Amino acid sequence: MIFQGRFAGRTAVVTGGASGLGKASAARIVAEGGKVVLWDLNADALAAAADEVGAIHVAALDVSDADAVAAAAEQANQALGRIDILVASAGITGATVPVHEFPIDSWKRVVDINLNGVFYCSRAIVPFMLANGYGRIVNVASVAGKEGNPNASAYSASKRSAPAARWEMATCLQSRECFGGLWPP
């Protein structure tokens, strides 16, 4: 069900916006009156998603690169005029093997995107929200973070961190009219 006007006048940055829950979230925000900027690593899929969703601006970037995230946040704020919502949906699963065989480089990459990426995006965007006196942060989580997935230790551990990040953000920011939310699919 579409709620006409629910996001009227609101703006959002959506990470992982070229596919999956990120793209679906962006489409919903636009359908309900908001404006979105999409961020994703896959430039080709990002361009196609931008046309499909009706994004105002896109940035092809790796959310595990703090400097790239900070630059993209500045660009998004300029393109949108303000940032009200962050949907942190970028994520990868990594290797699917038992923990004793798990490649260290895969572990680091998953944690860099799924955990550090959420931090970098929040850190870069929250100042714009505070300046506007309004903000909503949605960290896309997973049941794997609650129960674990067999042979997906990095993914499960990184998604387990989402509730802790959400609780900290909510505690820290709620008195300033910003709220950190958690969305387990």
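The values are calculated or read from the model by the stated rules, or taken from the named source; none is laboratory data. Being a predicted model, the structure only gives us computed values, none of them experimental. With ideal geometry, Cβ positions are generated from the backbone for all residues, glycine too; neighbour counts draw on all protein chains shown. The accessibility values were calculated without ligands, DNA or RNA, using every heavy atom of the protein model including side chains. Shrake-Rupley method; radii C 1.70, N 1.55, O 1.52, S 1.80 Å.
Percent of accessible area on the stretch 16-145 owned by carbon and sulfur, 1.4 Å probe? The partial results should precede the final answer.
Details: 3130 of 5720 Å².
Whole-percent figure for carbon plus sulfur exposure: 55.
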Point to revise | Cα-projected label distance for Glu52 with Thr171, points at 7 Å along beta-carbon direction, nm | key: 3.9
Practice item. Mind jotting down the distance between the C-alpha centroids of the stretch 57-124 and the stretch 22-51, whole Å? Key: 16
Check your understanding: What does the charge add up to near Val53, with Lys and Arg as +1, Asp and Glu as -1, over the other residues with Cβ less than 11 Å from its Cβ?
Key -> +1
Revision key, fill the gap. Longest principal axis of the chain (C-alpha) makes with the long axis of helix 43-53 (C-alpha) an angle, in degrees to the nearest 10, of 40
Practice item. Along Cα→Cβ, 7 Å out, is where each label goes; now give me the distance between the ones at Ala24 and Asn151 in nm to one decimal. Key: 2.5
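Using a 10 Å cut-off on Cβ atoms, rank the peptides 12-21, 123-132 from the highest mean neighbour count down. Don't skip to the end; give the middle numbers.
Values: 12-21: 25.0, 123-132: 18.3.
Top of the packing list down: 12-21, 123-132.
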Check your understanding: Using the heavy atoms of the protein chains alone and a 1.4 angstrom probe, what is the accessible area of the stretch 5-75 per residue in square angstrom?
Key -> 42
